[in-house]
Amino acid sequence: VQLQASGGGLVQAGGSLRLSCAASGRPFGNYYMGWFRQAPGREREFVAAIWWTGGSTYYADSVKGRFTISRDNAKNTVYLQMNSLKTEDTAVYYCASGRGPVITTLSVRYEYWGQGTLVIVSS
């Protein structure tokens, strides 16, 4: 599975962006897709995740109610809709794919990673 993230850019606080993650190979079985982010000088952190086949979604507390993860199986694409953006959301955002019986927030459990897309939220 190869992942290609896109959609980052510069936006003012309070604005919105939608990130996309296109998968070149179709995940099968117990695959889940996640978004992580890494701000300058900080550790990579979990943002959101979803089963590739749909169903439950998971969010970091810091983005609950503002971000929405979704997927379009026909397009092999996962999205991250980001609303009410804050300056602290500024980071490089990565999509990733992992598999297993349970979705995890641990980055080491994700096998495949996209190249990252930069989001800058200005005040």
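Applying the selection to the stretch 40-59, what residues are closer than 19 Å to L118 by Cβ and either within 14 Å of the chain's Cα centre (by Cα) or open to solvent by less than 50 Å² (accessible area, probe 1.4 Å) (or both)?
R44, E45, F46, V47, A48, listed by residue number.
Restricted to the stretch 90-119, and to residues that are loosely packed, with under 15 Cβ neighbours inside 10 Å and assigned to a strand (DSSP E or B), which residue is modelled with the lowest pLDDT?
E111
From the list S6, S62, which residue is within 16 Å of V119 (Cβ to Cβ), polar (S, T, N, Q) and touching a helix residue (DSSP H, G or I) at 6+ places or on another chain (Cβ under 9 Å)?
Exactly one of S6, S62 is within 16 Å of V119 (Cβ to Cβ), polar (S, T, N, Q) and touching a helix residue (DSSP H, G or I) at 6+ places or on another chain (Cβ under 9 Å), namely S62.
What tally of residues in the stretch 1-27 results from selecting those that are at pLDDT below 95 and not in a strand (DSSP E or B)?
6
Suppose we filter the stretch 89-103 for residues that are farther than 16 Å from A22 by Cα and in contact (Cβ under 8 Å) with a residue 12 or more places away in the chain; how many remain?
Adding up the residues that qualify gives 8.
So which pairs qualify, if the first residue must be in the stretch 28-51 and part of a loop (DSSP other than H, G, I, E, B), the second must be at pLDDT 95 or above and open to solvent by less than 20 Å² (accessible area, probe 1.4 Å), the Cβ gap must be under 6 Å, and the two must be at least 6 apart or on different chains?
A39/A91; R44/F36
For the stretch 61-70, state whether one or more residues are within 13 Å of the chain's Cα centre (by Cα) and of a type in the set (S, T, Y).
Scanning the stretch 61-70, I find at least one residue that is within 13 Å of the chain's Cα centre (by Cα) and of a type in the set (S, T, Y), so the answer is yes.
Give the number of residues within the stretch 71-89 that are open to solvent by 40 Å² or more (accessible area, probe 1.4 Å) and modelled with pLDDT of 95 or more.
Looking only at that region, the number is 6.
Would you check if there is a residue in the stretch 43-53 being touching a strand residue (DSSP E or B) at 6+ places or on another chain (Cβ under 8 Å), among the basic types (K, R) and under 17 Å from V108 (Cα atoms)?
yes
Of the residues that make up the stretch 57-80, is at least one in a strand (DSSP E or B), touching a residue at least 40 places away in the same chain (Cβ under 8 Å), of a type in the set (S, T, N, Q) and under 12 Å from C21 (Cα atoms)?
yes
The values are calculated or read from the model by the stated rules, or taken from the named source; none is laboratory data. Small disclaimer: the values here were computed from a predicted structure and weren't measured. All Cβ positions, glycine included, derive from the backbone under ideal geometry; neighbour counts span all protein chains shown. Surface areas here come from the heavy atoms of the whole protein model, side chains and all, with no ligands, DNA or RNA. Shrake-Rupley method; radii C 1.70, N 1.55, O 1.52, S 1.80 Å.
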